[in-house]
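> Below is a structure I'd like to ask you about.
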Amino acid sequence: MQLVSESIIIRGNFLSFEDGFVKKTFLISDGLLSEFVNKSSIKHNRLINAERYYVLPAFIDGHAHLFASAKRHEWLDLSKINSLRELKKTIANITHIVGSKKWILGYGWDESNWTDEKRYPTLMDLDEVAPNNPVFIRRIDGHLAVVNSMALEILHIGEKIRGLILDENGKPTGILKEDALEYASKRLYYNLAILARGLIKVSLDAHKKGVSMSHETMDLEDLSSLFYALHEISSIDLDFYIFIVDQFLDHLLIRGLHKLVSNNVKIAGIKVFSDGSIGARTAALREPYKDDPSNRGMLLKERDELAEIFRKADKAGLQLAVHAIGDRAIDEVLDAMKIARINAKLRHRIEHFELVDDEHIRVARKLGLIASMQPNFVGQWQMPGGMYEKRLGKTRWRRMNPFKKIIESGLILSFGSDCMPFDPIFGIWSAVNHPIIDSRLDPLTAIKSYTYYSSYAAFSEDVRGEIKIGKRADLVILSHNPLKVQDIRKINILAYIYNGKLDYINWN
């Protein structure tokens, strides 16, 4: 065995997807898991004694927005707000700090959890507490935001833009969805120095959550900003697997950017949005929303347009990641993929794939698709009496996120968080405790979907995603056995190892 100047010996209970937890000792050398022979075979080493703990492959978040989180890390975090009253008070207090005419930007609010009025805020609510500041606050799902009058005037959002919601008199309500929201978002500029600090912050959070890779969505401006920020930072010990939004498909191909690879970044393919979200009532449904009978959501692209994008990306060898939540959107996406005659070897993906039926699963399996899903949504909104049940009614609520049926069909099931919240442990707990018993996963399968299958979805299963000799030493050490502990949410991340480097440790 080759002698190395610095190595790590790690003892512990290591997870095998074939055998469960097995007591072993590994040598980590040159960033890889190696066979441990004896302590004297290396000159210098660091011993990590995790014999009382449980070692997993590091988590891979198959659908996150860490770059977006880095861009807005100085925004108001409204995720803990528990009422409309508290939201308005928070914004009013901030006006005294930032001063007149300054932007107030916030994210993460979720009216479905509020204790007073479970409705979206409006322009009038924001004007009341911040008449002299432009205000933009984005909902937790990212598919809806609210602005006040000053922000609306500055942003110049035309009334014909899809997603600008008007009242019965034809006046803007301040609510922006989908196209109008993206139009407004592009006019909210961010500072590159702030972005660099934000990337450091989100990478440290990723270490604490045990995440070594994030599958991301960006536009070309974001991509260039990411490379600039990474150049300014010595190391973040986090990898990005990136999908570029479809409007830049031609530019991507002309410039050859799809072949770009760096130490931390790989361009994967194209992201396509076919509908919105349940929370914003823009997910495209066959039947109307139970709590909004005049609304069936929004199809953001028609079948023929989808098919043309799919055909062009597929021909160029680009992987597709297609956002589709509602059953009507999934109908359109699957039909368009059949028309485009996609290549199963490219491991195209449907992101979210929530309101599905047996035919959807059968067709997706036949097409060789990957189901890239977010178990966090179950824990957040699919528990009995939650937002999904109120939006959809009990019949459709039961159909949401049938993880077990998807696995049993033979579909690859990759898990991600969508940063709602960014927390694999919560996602695994959610999959194991799905309110529909027939949709629940056992803990081992849920973990595999957050590690090996997410690695497979990024064509990196030969390198990472499981604990085997010769694979990358991306590891996470847990306080409890996730296959046996009663409440998975109580598990603590004790250490994180990235490419053989101990980045985070939380025990003596």
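The values are calculated or read from the model by the stated rules, or taken from the named source; none is laboratory data. Because the structure is a prediction, the values reported are computed rather than measured. Glycine gets a Cβ as well: all are built from the backbone with ideal geometry, and neighbour counts include every protein chain shown. The accessibility values were calculated without ligands, DNA or RNA, using every heavy atom of the protein model including side chains. Shrake-Rupley method; radii C 1.70, N 1.55, O 1.52, S 1.80 Å.
> I need the peptides 70-82, 175-187, 274-286 ranked by packing, meaning the mean over residues of other C-beta atoms within 10 angstrom, with the highest value on top.
The packing order, highest mean first, is 274-286, 175-187, 70-82.
> Oh, and also: Which whole-number percent of Cα pairs in the stretch 311-423 have a distance greater than 19 Å?
45 percent
> What is the stretch 206-289's relative contact order, in percent, from Cα pairs under 8 angstrom and six or more apart in sequence?
Once divided by the residue count of the stretch 206-289, the mean separation gives 27 percent.
> Give me the 1.4 Å probe accessible area per residue for the stretch 109-258, excluding ligands and nucleic acids, in Å².
44 Å²
> Can you compute the equivalent ellipsoid semi-axes for the chain, i.e. the square root of 5 times each eigenvalue of the Cα gyration tensor, sorted largest first and rounded to whole Å?
Value: 38, 26, 23 Å, ordered largest first.
> For helix 220-232, report the angle its Cα long axis makes with the longest principal axis of the Cα atoms of the chain; keep it between 0 and 90° and round to the nearest 10°.
Around 40 degrees separate the two axes.
> Also, quick follow-up: Would you mind estimating how fast the stretch 205-281 diffuses translationally, via Stokes-Einstein at 37 °C and 0.692 mPa s with the Kirkwood radius over Cα pairs, in µm²/s?
Details: Rh = 13.8 Å.
In µm²/s, the coefficient rounds to 237.
> Which loop GluC sites (Glu not before Pro) in the stretch 105-174, with loop taken from DSSP, have no more than 12 other Cβ atoms within 10 angstrom of their Cβ?
Within the stretch 105-174, the qualifying GluC sites (Glu not before Pro) (loop, at most 12 other Cβ atoms within 10 Å) are GLU117, GLU159, GLU168.
> Relative contact order for the chain: what is it in percent, counting Cα pairs under 8 Å that are at least 6 residues apart?
Relative contact order, the chain: 16 percent.
> As a test of understanding, state the convex hull volume per residue of the stretch 281-332 from its alpha carbons, in Å³.
Roughly 66 Å³ of hull volume per residue.
> Let me ask something else about it. Against the longest alpha carbon principal axis of the chain, how many degrees, from 0 to 90 and to the nearest 10, is the axis of helix 192-209 turned?
Between the helix axis and the principal axis of the chain, the angle is about 50 degrees.
> Averaging over every viewing direction, what projected area does the convex hull of the Cα atoms of the stretch 426-508 cover, in nm²?
With the hull built on Cα positions only, its mean projection is 6.4 nm².
> To continue, here is another question. Quick one: check the C-alpha center-to-center distance for the stretch 151-187 versus the stretch 72-136, whole angstrom.
Between the Cα centre of the stretch 151-187 and that of the stretch 72-136, the gap is 18 Å.
> So what is log10(I(q)/I(0)) for the stretch 166-325 at q = 0.11, 0.19, 0.20 1/Å, when the Debye sum runs over its Cα atoms only?
For the stretch 166-325, the Cα-only Debye profile gives -0.58, -1.26, -1.31.
> By how many degrees, 0 to 90 and rounded to 10, does the Cα axis of helix 358-367 deviate from the longest principal axis of the chain?
That works out to roughly 60 degrees.
> Once label points are set 7 Å from the Cα along Cα→Cβ at both GLU461 and ASP179, what is their separation, rounded to one decimal in nm?
4.0 nm
> Out of the total accessible area of the chain (probe 1.4 Å, heavy atoms of protein only), what percent is carbon and sulfur?
48 percent
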